[in-house]
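The structure under discussion appears below in the form of structure tokens.
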Amino acid sequence: MPWPSFFKPHDPSAPEWEIYIENFAFPFTNQLAIGEVSFVVLDLETTGLNSRKDSMLSLGAIRVDNLEMKVGERMEYFVHQEGYSPNKSIGIHGIMPGQTAEGIEETELLKKLLQFLGRSIIVGHHIGFDVAILNRAMKRVYGKPLQNKVIDTVQLVRKWDSLGFDRPHRNLGLDEVCRRWNIPLHERHTAAGDAFLTAILFLKLCGKLQSRGIRTLGALLRT
């Protein structure tokens with residue numbers, strides 16, 4: 001007798017998932033030079049700061065290949081959230097209900113994201129939160145989390161600080177770190193704007209770290 005449908009494990013058989021998973025048959029190896037690796041710098045704006053219950057309101061992402069930002073290869077979407085009403089987080093991101101009402105459906109966004117990501121390394125500032133939000137959505141739709149490796153620019157800043165060439169960063173928020181690294185703060189607290197700022201920060205950090213002998217993906221991933 002077959003199990004009732006609600007007892008069946010989720011089978012991520014959607015074509016976009018199968019295509020996405022095929023990318024990891026040939027993952028980036030830790031021996032690759034940083035410049036040979038594809039990265040996607042990503043940022044979310046969300047309904048709040050609880051990764052277990054809050055949801056995406058917007059997503060911004062931009063590709064970095066050959067240690068160059070590919071401004072023509074980017075994503076920027078508002079995400080439809082049924083019944084979204086402004087709370088105190090609106091004071092940070094300024095996203096209004098009308099913008100999410102006209103936004104892309106979450107399922108469609110994830111499909112586009114899988115196609116955009118491929119096997120690229122995901123990069124972000126405090127990226128663990130963003131990935132946790134995304135993975136909750138991924139598990140709802142596909143039953144599986146994202147498979148990409150992840151680099152947090154916060155950890156790269158700490159790596160640089162550990163080398164002892166500058167005084168340590170006391171504040172690791174994106175605003176303060178960008179000021180320390182002379183990155184102008186344009187379009188702050190929009191997903192696309194923050195992804196762009198983080199991509200600039202990432203490239204600066206990679207350049208600095210390479211000058212100190214950190215030249216491979218494996219060395220970059222080690223914290």
Could you check residue 129 against (1) open to solvent by 40 Å² or more (accessible area, probe 1.4 Å); (2) closer than 18 Å to residue 34 by Cα and say which number it fails?
(2)
Top-ranked residue in segment 27-45 [being open to solvent by less than 10 Å² (accessible area, probe 1.4 Å) and over 12 Å from the mean Cα position of the chain (by Cα); ranked as farthest from residue 76 (Cα to Cα)]
34
Please enumerate the residues belonging to segment 164-218 that are of a type outside the set (Phe, Trp, Tyr), in contact (Cβ under 8 Å) with a residue 24 or more places away in the chain, surrounded by fewer than 19 Cβ atoms within 10 Å (Cβ to Cβ) and over 30 Å from residue 79 (Cβ atoms).
207, 208, 209, 210, 212, 215, 216, 218
Within segment 156-203, can you find the residues that are in a helix (DSSP H, G or I), over 28 Å from residue 57 (Cβ atoms) and of a type in the set (Lys, Arg)?
158, 159, 180
Within segment 144-154, is even one residue within 23 Å of residue 63 (Cα to Cα), in a loop (DSSP other than H, G, I, E, B) and among the basic types (Lys, Arg)?
yes
So residue 123 clears everything in (1) in a helix (DSSP H, G or I); (2) open to solvent by less than 30 Å² (accessible area, probe 1.4 Å); (3) of a type in the set (Val, Ile, Thr) except one condition, right? Which one?
(1)
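Is it the case, given these coordinates, that residue 24 is within 21 Å of the chain's Cα centre (by Cα), part of a loop (DSSP other than H, G, I, E, B), surrounded by 10 or more Cβ atoms within 10 Å (Cβ to Cβ) and at pLDDT 65 or above?
Working: within 21 Å of the chain's Cα centre (by Cα): yes; part of a loop (DSSP other than H, G, I, E, B): no; surrounded by 10 or more Cβ atoms within 10 Å (Cβ to Cβ): yes; at pLDDT 65 or above: yes.
No.
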If you check residue 156 against the conditions, is it open to solvent by 40 Å² or more (accessible area, probe 1.4 Å), among the hydrophobic types (A, V, I, L, M, F, W, C) and touching a residue at least 40 places away in the same chain (Cβ under 8 Å)?
no
I'd like the full set of residues that are farther than 17 Å from residue 204 by Cα and at pLDDT 90 or above, limited to segment 172-191.
191
Mind counting the residues in segment 57-80 that are among the polar types (S, T, N, Q), at negative phi and open to solvent by 40 Å² or more (accessible area, probe 1.4 Å)?
0
Apart from one, (1) under 13 Å from residue 59 (Cα atoms); (2) open to solvent by 20 Å² or more (accessible area, probe 1.4 Å); (3) modelled with pLDDT of 95 or more all hold for residue 106; the odd one out is (3)
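The values are calculated or read from the model by the stated rules, or taken from the named source; none is laboratory data. These numbers come from a predicted model, not from an experiment. Virtual Cβ from ideal backbone geometry, glycine too; neighbours counted across all protein chains shown. Side chains included, ligands, DNA and RNA excluded: accessible areas come from the protein's heavy atoms. Shrake-Rupley method; radii C 1.70, N 1.55, O 1.52, S 1.80 Å.
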